[in-house]
Amino acid sequence: MLSKVYSAAIHGLNAYVVSVQVDESNGLPHSMTLGNVSASVKESIERVSIALKNLGLELPPKKITINLQPADLRKNGSSFDLPIFMGTLLALYPSCDFPYENYGFLGELGLDGEIRPVAGVLPMVLALEEAGMEGVFVSKDNEQEARNSERLKVISCSHITELLDICKIPYGKKEKRKNIGAGPSVGRNDESYANGNEEDQNLDFQDVLGQSYGVRAALIAAAGHHALLFSGPAGTGKTMIAKRIPGILPKMSKQEKLELTKIYSIASCLPSEKGLIEKRPFRAPHSAVSQNTLLGGMSSGRLIPGELALAGKGVLFLDELPLFKKESIEALRGPMEEKRVTLHRLQQFFSYPVDCLFVAAMNPCPCGYFPDRNRCHCTPGQIRAYQRGISKPILERMDLCVSLPSITLQDALTKEKGISSAILRKQVEKARKMQERRFFQEEKIRWNGDMNVTAVNKYCELGKEEAEYMENIFKLKNLSMRTYHKILKLARTIADLEEEEKINMNHLAEAVSYRGLEEVLFSFEG
């Protein structure tokens, strides 16, 4: 007999519905799994057969064929154990009063019948919801994540006997099982579980003292979504400022939370007790990180999101930028410019948007004390080689390049607090609202930092005096066109922070001041 149940699979950072068809027929005892599947999927029938045996339901000597459609997409992982179990059971023992054809099944099976959690449940649940399913069966550990669906009925089970009891399918052994939880849980989305009553542990900018220039640069970067590079001696507060930037970004919408949670779910980084990522992430990978770890790589035939994806909606911070592998840094050229990552892995094509805020930091020399020659003993060659570990194309893609001075003891011991994150967040929100009104008809532009050349010419018009000023700056500093457009985009954001519709001389002058580091790094000769 033929049976059909539904499940879902991950492809890149999205999911699609899979039809799991199981056919039982006469012939030599044999099982076959079709549909462009990996070894882990082919192993499912073995786990299913032993789980059935432990229920007192032996597989008869039949030919069993399992087909997973669509067959043109690669299917990986152990999430098909549960649908294959259900399909096999229905093919062999077709006595089920439950409307299983309207439900999806996601879960890995243990040999004892335990239903274990799998990665990527949220995108798969959302794919089932979009396909019109009524509900979904998942593991207990995936319950909170699955409840992010607004319409699907989520039924969580810790053992297959709970599933069979719900579906009213008779089975042989009825022994009591130990330590498997409190039985199945049925329900719909409830936002109360999301992050509990966690206290807000966000760091505050009021703790940053004596670095008003750096705080101002961070404000502009957050308001217009501009890439930011800090340079300065060790201990000047570069990392301190960077860690506080997520706290001044606007709070995430429900849609943004879902998009980010999907990525963490696929990457298996989502704790089972947290059904939804509530806070903007701050990712700070080590300088030894590989290109695949930054952009994304393949594992067991599926895409594993990289740091660029995991930092989505938040901040990707690259500390000690010159110490990163050259190929890793250079691989960021395209994503920083196009705001999208395109990967070709194992004859598969993946593409996803990049919407994290790039923030990087570097010391002026290997020891971190240049130009203080009382403490810095680096040779001119060492300093030059270190500073030029960052190529000019990468440096030009940084909208703001800011040199931070050393902190004085008087600044450090002052009792006056810096400007608070709450105040800065309000300024960021006002500036972003202006950008929303400006770009509401533009499909691919959300912030000033996203503007292409056409948008810059349209939204960054200059008066006669301002145009002459920029012409002089262009000639004096020998700017590239990319840097010239970066300055105009920065000036547009500065004007937005002051709620000005037109860019004036003050906005341009401040924007130009954030490009001085580029001259220092590529003019030093020791």
Straight-line reach only, C-alpha to C-alpha below 19 angstrom: list the aspartates and glutamates that LYS279 could link to, leaving out same-chain residues fewer than 8 apart.
GLU145, ASP190, GLU191, GLU198, GLU199, ASP200, ASP204, GLU256, GLU259, GLU307, ASP355, GLU429
Past the 28 Å Cα-Cα mark, which pairs from LYS75/LYS168; LYS42/LYS339; LYS426/LYS502?
LYS75/LYS168; LYS42/LYS339
Ordered by packing density, taken as the mean number of other Cβ atoms within 10 Å over each peptide's residues, highest first, how do 46-54, 141-149 rank?
141-149, 46-54
Accessible area per residue in Å² at 1.4 Å probe, computed on the chain
45 Å²
Return the sequence-ordered ³J(HN,Hα) values of region 321-331 in whole Hz as given by the Karplus equation 6.51 cos²θ - 1.76 cosθ + 1.60 applied to θ = phi - 60°, using x for Gly and Pro.
3, x, 7, 5, 4, 4, 5, 5, 5, 5, 5
Once the other residues with Cβ under 15 Å from the Cβ of GLU471 are scored (Lys, Arg +1; Asp, Glu -1), what is the net sum?
-1
In nm², what is the average projected area of the convex hull enclosing the Cα atoms of the chain?
28.9 nm²
Trypsin sites (Lys or Arg not before Pro) restricted to DSSP loop in region 397-476 with at most 10 other C-beta within 10 Å:
LYS415
Region 9-100: antiparallel bridges as % of DSSP beta bridges, rounded to 5, reads 60 percent
Whenever you get a sec, compute what percent of the accessible area on the chain sits on carbon and sulfur atoms (1.4 Å probe).
50 percent
Give me the extension gain from GLU471 to GLU499: residue separation times 0.36 nm, minus the current Cα-Cα distance, reported in nm with one decimal.
7.6 nm
Computed over region 332-394: relative contact order in percent, which uses C-alpha pairs under 8 Å that are six or more apart
24 percent
When the Kirkwood hydrodynamic radius is evaluated over all pairs of different C-alpha atoms of region 214-365, what value in angstrom, to one decimal, is obtained?
16.1 Å
If each DSSP helix of 4+ residues adds -39,500 (n - 2.57) and the sum is divided by the residues in the chain, what number results at 222 nm, nearest 500 deg cm²/dmol?
-10000 deg cm²/dmol
Using only alpha carbon pairs under 8 Å that are at least six residues apart, calculate the relative contact order of the chain and give it in whole percent.
13 percent
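The values are calculated or read from the model by the stated rules, or taken from the named source; none is laboratory data. On a predicted model such as this, the values are computed, not experimentally measured, just so you know. All Cβ positions, glycine included, derive from the backbone under ideal geometry; neighbour counts span all protein chains shown. Calculation scope for accessible area: heavy atoms of the full protein, side chains included, ligands and nucleic acids excluded. Shrake-Rupley method; radii C 1.70, N 1.55, O 1.52, S 1.80 Å.
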